[in-house]
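Read through the structure below, which is laid out as structure tokens, and then see the notes.
Values in this text are rule-based calculations from the coordinates and carry no lab data. What you see is a predicted model; the values in this text were computed from it and never measured. Cβ: placed from backbone, ideal geometry, glycine included. Neighbour counts: every protein chain shown.
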Amino acid sequence: MTEITRRGLGRVAAGGALNVAAAGALTAAAGAFPALAQGANPIRIGFSMSLSGGLAANGRSALLAQKIWAEDVNAKGGILGRQVQLVSYDDQSNPANVPSLYTKLIDVDKVDMVTSPYATAMIAPSMPVVMQRGMCYVSLFGAGVNEKLKYDRYFSINVTGDDIKGTYARGFLECTKMLPTPPKTISILAVDNDFAQRAAESVRTLSREYGLRIVYDRSYPPSTVDFTPTIRAIQAQRPDVIFFASYPPDSNGILRAVSELRVTAALFGGGMIGTQIAAVQAQLGPILNNLVTWDVYSPEPTMRFPGVVEFQEKYRARAPQEQTDVLGNYLQPYAYAQMQVVEQALNRVGKVDQAALTADMRANKFGTIVGEIEFSALGEWKKERNLFVQFQNITDGDLEKYKKPGTKVILYPPELKSGTLHTPYGAPA
Amino acid sequence: MDPDLSLLLNGIVSGLLLGGLYAAAASGLAVSFGMLDIVNIAHPVLMVAAGFFVVLVGTALGLDPLLVAVLQAPLFYVLGIGLYTAYNYFFERRGDEALQGLAFFFGVMFIIEVGLVLLFGPEQRFLDPDYAFVTWRLGEIDVPLRMLIPALLAMASIGALYWFLQRTFTGLAIAAVAQDPEALRLMAVDPVRIKRIAFGISVALASIAGGALVVVQPIDPSTHNVFIGRVFAICIMGGMASLPGCILAAFLFGVVENLTATFYGPSWAPAVAFGWLLLVLAVRPQGLFGRAA
């Protein structure tokens, strides 16, 4: 048996320090966005972003979108005559890293503004630090983060709006009205995390309103490897409608199991995060056909907001070398829009004043590449815009088709609708 | 067939197939952790790294992922030898292998994960052979080849390893070094050399497991987190150094997980499976096939 000595512990500490140093070096290589050293006194915007770990796929693509925004702004002369500099760190998809990174950004780096990391799990731990310093804070894809905190300087770039429970699944259930025969039963399967559980709660609540009887309602842990038994249990209930609230790579595993078991349903899908990602679309190919899922962007004519096509062209040109999502059809335009909100507020206020910026964001609308944004009292979008899209006409894993209209057809909301529902879902065996 | 019976039979079959993947992932650990007493917490991430190279080579050359996994296994054997040499030089020969060794392999795990992100990006990677989209229907029993073929490869490679350990001098020396390295030295066999070979074999098995994993599901650099708890649990349940025990424990884990998911919901599956581990250890502290001290 090895005795623990002071020297021994010292060695362990040294080993640990070595690991941390190695991690730090890699983090710096991966995460620190080099200063755009133009202008003596740049406006510095700080944030952490997940460049490694489970959230990295979206985190890296969000960072690329923000880099493109900074370059666009600087090419036009910056903001208030000052160049923009992004200061970012890799939070490694670890919520425990976030408070210290935001403390460093605000107290040591002394950035002028902070924006959020990607996703609810990472935004939530940043809130106490940001609130203590009274910073005006624009977040990216957080769901209900400010619901209980009610921080008056919080603004969210996310389509879900104030009332996730009351609105999230409505678009999916509205699609039941497009079916030739009214469905009677629904099954629900959700991963054990905050966003998915909110989504499941929403569909659970709204199902009664749409006359659907819940015949299966379960959660699964994020560590699930094989979905076959769960899907078979759902199949045994023969539901007309199947709703999943899943995360990558679970969405992939669920759809593979669904395909292998030849599951069919009149309406099939839900909030399947991952199906918006290019790599997943390439792998699943025709298995996605007729899947109806939550989304935030689709290159349909109804969503061609000013600037979004130009942004996507720049993004797609650089995505392969940055080793990130090659399409940019998901959160990437929203990451750009997040920075546009900061830009427009700064331009209107004319100085870096957190209180004045807050007042401006609360009072004004913002024209962005994802459309016009107006914030509610809680800082969420005043009008939610949960998209429900259906994958149609997919014959293979070629991604070119996802750059054009007609592949991710928007079914909801009505003002953005771009096609009609195809039914039933029945993946090829 | 009665629907419940059909669910039961399908749950058992899919559990056995899942157990095949678990056995592939845990067998290498049965050698390093079970036989050599090296807490190689980096084993699952080595498996994922192998999966990434399978995708890279398989995509470039148009080869089957399982074939690539077998072909690249010698390279992972060499990698394992390198890792063990560093571990032995810095920790084991000084008698510092317990805590410091754990810190070393934790560091290796972290560096490999971040290295994979830097090399390949954080996106999911996949390489689907044609058979991954084929499911055999045996009456009411579904057998997806996506699960069956990797499980068969896992069984074949573990069988080959078992034969090697039972029938060759080096294999017997590996079994001996697990019991008494000093006695091995008295037989004029260098225990460090034997351990180096054994650790190389364990990492080569991670290559096979990586190929199996790629066929079963897409991978990203953080995929290993899902497997860490399971592979150690299977190794312990099986009796540490026992390959038959490892296989039986993997099958048991898979079947318990899938039957629980089928009848009581997937939330309970890991809890019940790890509950079985506690139950087995309560009855047989040495594991299913372990020898009592």
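For segment A:69-150, restrict the atom set to alpha-carbon positions and state the Rg and Dmax in Å.
For segment A:69-150, the Cα radius of gyration and maximum Cα-Cα distance read 13.6, 40 Å.
Rounded to a whole number of µm²/s, how large is the Stokes-Einstein D of segment A:157-210 at 20 °C and 1.002 mPa s, given Rh as the Kirkwood radius over C-alpha pairs?
Roughly 180 µm²/s, to the nearest whole number.
Taking segment A:77-170, which trypsin sites (Lys or Arg not before Pro) meet the DSSP loop condition and have no more than 11 other C-beta atoms within 10 Å?
Of the trypsin sites (Lys or Arg not before Pro), the ones in loops of segment A:77-170 whose Cβ has at most 11 other Cβ atoms within 10 Å are A:Lys110, A:Lys150.
Can you give the extra length, in nm with one decimal, that the chain gains between B:Met1 and B:Arg137 once fully stretched, where that is 0.36 nm per residue apart less the Cα-Cα distance?
47.5 nm
As an exercise, find the ratio Rg/Rh for segment A:144-286 from alpha-carbon atoms, using the Kirkwood inverse-distance average for Rh.
In segment A:144-286, Rg relative to Rh is 0.98.
At R0 = 45 Å, how high is the FRET efficiency between A:Ala355 and B:Thr59 if r is their beta carbon distance? Nearest 0.05 is fine.
0.25
Taking only DSSP H segments of four or more residues, each worth -39500 (n - 2.57), what value at 222 nm results for chain B once the sum is divided by all its residues, to the nearest 500 deg cm²/dmol?
Per the formula, -24500 deg cm²/dmol.
Taking the Cβ of A:Val145 as the centre, find all other residues whose Cβ is under 10 Å away and add up their charges (Lys, Arg: +1; Asp, Glu: -1).
In short, -2.
Quick one: go through segment A:387-429 and flag any residue whose amide nitrogen is under 20 Å from the point 7 Å out along the Cα-to-Cβ line of A:Lys184.
Hits in segment A:387-429 for A:Lys184 at 20 Å: A:424-425.
Can you tell me the relative contact order of chain B? Whole percent, Cα pairs under 8 Å, sequence separation 6 or more.
So the answer I get is 37 percent.
Can you list the trypsin sites (Lys or Arg not before Pro) in segment A:369-407 that are in a DSSP coil and have 16 or fewer other beta carbons within 10 angstrom?
Answer by residue number: A:Lys382, A:Lys383.
Quick one: if you take sqrt(5λ) for each eigenvalue of the C-alpha gyration tensor of chain B, what semi-axes come out, biggest first, whole angstrom?
Values for chain B, descending: 31, 23, 17 Å.
Can you give the helix-only mean residue ellipticity at 222 nm for chain A, where every DSSP H stretch with n ≥ 4 adds -39500 (n - 2.57) and the sum goes over all residues, rounded to the nearest 500 deg cm²/dmol?
It lands at -12000 deg cm²/dmol.
Under a Cβ-Cβ cut-off of 13 Å, what is the net charge of the residues other than A:Pro117 that fall near it, where Lys and Arg count +1 and Asp and Glu count -1?
With Lys, Arg at +1 and Asp, Glu at -1, the neighbours total -1.
How do A:His422, B:His43, B:His224 line up, fewest other C-beta atoms within 10 Å first?
Listed from fewest to most nearby Cβ atoms, that is A:His422, B:His224, B:His43.
How high is the relative contact order of segment B:242-293, in percent, with contacts defined as C-alpha pairs under 8 Å that are six or more residues apart?
36 percent
Please compute, over every Cα-Cα pair in segment B:147-293, the percentage with a separation greater than 21 angstrom.
Tail of P(r) above 21 Å: 53 percent of Cα pairs.
Over the alpha-carbon set of segment A:301-429, work out the extent along each principal axis and list the three values in angstrom, largest first.
58, 36, 23
With N set to the number of residues, divide the alpha-carbon radius of gyration of segment A:261-304 by 2.2 N^0.38 Å and report two decimals.
1.26
Taking the C-alpha atoms of segment B:218-293, how large are the radius of gyration and the largest Cα-Cα span, Dmax, in Å?
Here Rg and the maximum Cα pair distance are 13.0, 41 Å.
Could you work out how far the C-alpha centroid of segment A:115-182 sits from that of segment A:348-403, in angstrom?
Answer, in whole Å: 12.
State, in angstrom, two size descriptors of the protein assembly as shown derived from its alpha carbons: Rg to one decimal place and Dmax to the nearest whole number.
Rg and Dmax of the protein assembly as shown, Cα atoms, are 26.7, 85 Å.
Within chain A, which DSSP H helices have Cα atoms that stretch 18 Å or more along the helix axis and a mean Kyte-Doolittle hydropathy of at least -1.0?
Qualifying helices, which must be both long enough and hydrophobic enough, are A:6-31, A:56-75, A:120-132, A:194-209, A:332-349.
Regarding chain A, what are the three Cα extents along the principal axes, ordered largest first, in Å?
Result for chain A: principal-axis Cα extents of 68, 65, 41 Å.
Students often get this wrong, so check it: of A:Lys67/A:Lys110; A:Lys76/A:Lys314; A:Lys67/A:Lys148, which have C-alpha atoms separated by over 25 Å?
Over 25 Å Cα-Cα: A:Lys67/A:Lys148.
Among the GluC sites (Glu not before Pro) in segment A:341-393, which ones are in a DSSP loop with at most 15 other Cβ atoms within 10 Å of the Cβ? Mind listing them?
Passing both the DSSP loop test and the Cβ count: A:Glu374.
Provide the net charge surrounding B:Leu7, with neighbours chosen by a C-beta distance below 12 Å and charges set as Lys +1, Arg +1, Asp -1, Glu -1.
Every neighbour counted, the sum reads -3.
Taking the Cα atoms of segment B:115-202, what is the range of coordinates along each of the three principal axes, in descending order and whole Å?
For segment B:115-202, the Cα extents along the three principal axes come out at 57, 43, 17 Å.
Can you tell me which aspartates and glutamates have their Cα less than 16 Å from the Cα of A:Lys351? Leave out same-chain residues fewer than eight positions away.
Here the aspartates and glutamates satisfying the reach criterion relative to A:Lys351 are A:Asp112, A:Glu343, A:Asp360.
How do B:Phe126, A:Phe47, A:Phe172, B:Phe274 rank when sorted from fewest to most other Cβ atoms within 10 Å of their own Cβ?
With the sparsest Cβ surroundings first, the list reads B:Phe274, B:Phe126, A:Phe172, A:Phe47.
Sorted from fewest to most neighbouring beta carbons within 10 Å, what does the list A:Tyr412, A:Tyr247 look like?
Going from least to most buried by this count: A:Tyr247, A:Tyr412.
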